[in-house]
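Rule-based calculations on the coordinates, nothing more; no lab input. In this text the structure is predicted, and so the values were computed from the model without any measurement. A quick note on method: Cβ atoms are made from the backbone with ideal geometry, for glycine too, and the neighbour counts reach across all protein chains shown.
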Amino acid sequence: MPAYNEAQVICSVVKKMAAVMDTSKHYTYEIVIINDGSRDATAQEASKTSATVINHILNSGAGGATLTGLSYARQNNFDIAITMDADGQHAPEDVLEGIKQLSKLNADLLIGSRLINNKGMSKTKVIGNTGLSVVTKLLFGVYVTDSQSGLRAYSRRAIDELDWKSTGYEFCSEMIWRAEQSDLSIAEYPIQAIYTDYSRSKGQNNWNGINIVKRLLKQRLVELFE
Amino acid sequence: MRYLILVLCNLPIILLALVNIITQYKLKKVSITRFQHQIIIWTVVLIVLLGSFPLYNILNGRSAFDSNELSLFDIVQTTVIVFLFYAFNNLRQQLDQNERRLRDLHQELSIKLSGK
């Protein structure tokens, strides 16, 4: 769970997550928070919970924090890893469902899509996210309905093989591209998005979307010289 | 004669670039994608360098290797451009490697310092 300045909600997000995971007897789990150089009390708040807290010395962006999480999963031989937003946007039940679906669909990278059933999402967000999915398809040739979703499940193979360069939010699209390049199977399952005033204030707007497109385009062009 | 000087000035740079990328690939220091892209890029540079001037002459009804229209400035400018492209390409690769090392170091330090 990459977290940047999430002191207000991190405790409740971890507690809810742990409560749902405890209901399932099939899995042993570890909640790992990557505190990405937060300037508020995220580290202190997170350490009050049962989660493992990894503090980034420098702020590395969501992409960098997610990579650290996957690196931790690799070093500790996790069979499955799940990444989710720390702002409470994702329902813990969807995380548990992701673990089940990953095995059921035999996928390596499973993306929780908010757009398969976009109830509760504003039109602006639907348009912005669909636009970014189309851009991802145009640039990288892979189409998923929600390329920017933070809720993703990774198989052991994906944990071992996935790597990307982007540090910002554009890593979501780049990850899909890298997964395709590594011949990992990609699948999606529907999730709900919980929008509170807090998550709305933290979330991405369509202007950030333009920035993401710009960086993805740059990434695609640079790759030609790789 | 001037065309020959142009080729002699630039050919070593292009050959050096090709030898570099082939060596790095054989030593498994670069991915096959980078290897393929680099081979294509430098082959295109080589073809353009060798072929553009004779083609220009032929299209203008002159003998292919008549280099009267080629000035010393043209030779220096082309050589500098090819050299800068070579240097920029190498620097970008080094920057990329350093960035990756720094990122890995940061990741490792963060995980180790977390005490787990």
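Using the structure shown, list the pairs from A:K123/A:K202; A:K137/A:K218; A:K48/A:K123 with a Cα-Cα distance above 26 Å, or answer none.
Values: A:K123/A:K202 18 Å; A:K137/A:K218 15 Å; A:K48/A:K123 38 Å.
Pairs exceeding 26 Å: A:K48/A:K123.
Taking the Cα centre of region A:2-223 as origin and charging only Cβ (+1 Lys, Arg; -1 Asp, Glu), how large is the dipole, in debye to the nearest 20? Kindly include the intermediate steps, with their values, before the conclusion.
Numbers: 24 positive and 24 negative charges, 93 e Å.
About 440 debye.
About the centre of its Cα atoms, region B:2-113 shows a dipole size close to 520 debye [charges on the beta carbon of Lys, Arg (+1) and Asp, Glu (-1) only; nearest 20 debye].
Taking each residue as 0.36 nm, the span from B:L11 to B:L27 lengthens on full extension beyond its C-alpha to C-alpha distance by 3.4 nm. From the alpha carbon centroid of region A:50-67 to that of region A:158-175 is 14 Å.
Looking at the protein assembly as shown from every direction and averaging, what is the projected area of its Cα convex hull in nm²? Could the numbers behind the result be given before it?
Numbers: hull surface 84.9 nm².
Its average projected convex-hull area is 21.2 nm².
Sum -39500 (n - 2.57) across every DSSP H segment of at least 4 residues in chain B, then divide by the residue count to get the 222 nm mean residue ellipticity, nearest 500.
Values: 3 runs with 95 residues, N = 116.
About -29500 deg cm²/dmol.
For the protein assembly as shown, the antiparallel share of DSSP beta bridges with both residues in that region comes to about 40%.
The order of A:R152, A:R215, A:R114, going from fewest to most other C-beta atoms within 10 Å of their C-beta, is A:R215, A:R152, A:R114.
Of the two radii for region B:2-113, the radius of gyration is 1.18 times the Kirkwood radius, both from the alpha carbons; that is the Rg over Rh value. As a calculated quantity, the FRET efficiency between A:D183 and B:R100 at R0 = 25 Å, using C-beta atoms, amounts to about 0.70. Residues whose amide H lies under 5 Å from that of A:V53, counting only those 5 or more places away or on a different chain, are A:I33; hydrogens are built 1.01 Å from N in the peptide plane. At full extension, A:V142 and A:I127 could sit 3.6 nm farther apart than now, given 0.36 nm per residue minus the alpha carbon distance.
How far, in nm, would the chain grow between A:Q8 and A:R39 when pulled straight, counting 0.36 nm per residue and subtracting the alpha carbon separation?
Numbers: separation 31, 0.36 × 31 = 11.16 nm, distance 1.25 nm.
Full-extension gain reported as 9.9 nm.
Counted over region A:162-204 with a bin width of 5 Å, the fraction of Cα pairs per bin, in whole percents, is 5, 18, 17, 17, 20, 14, 7, 2. Look at A:T66, A:T124 and count the other Cβ atoms within 10 Å of each Cβ; fewest to most, that gives A:T124, A:T66.
To make sure I understand, if each residue's beta carbon is the centre and we count other beta carbons within 10 Å, what order do A:E161, A:E180 fall in, fewest to most? Walk me through the numbers on the way to the answer.
Values: A:E161 18, A:E180 15.
Final ranking by Cβ density, sparse to dense: A:E180, A:E161.
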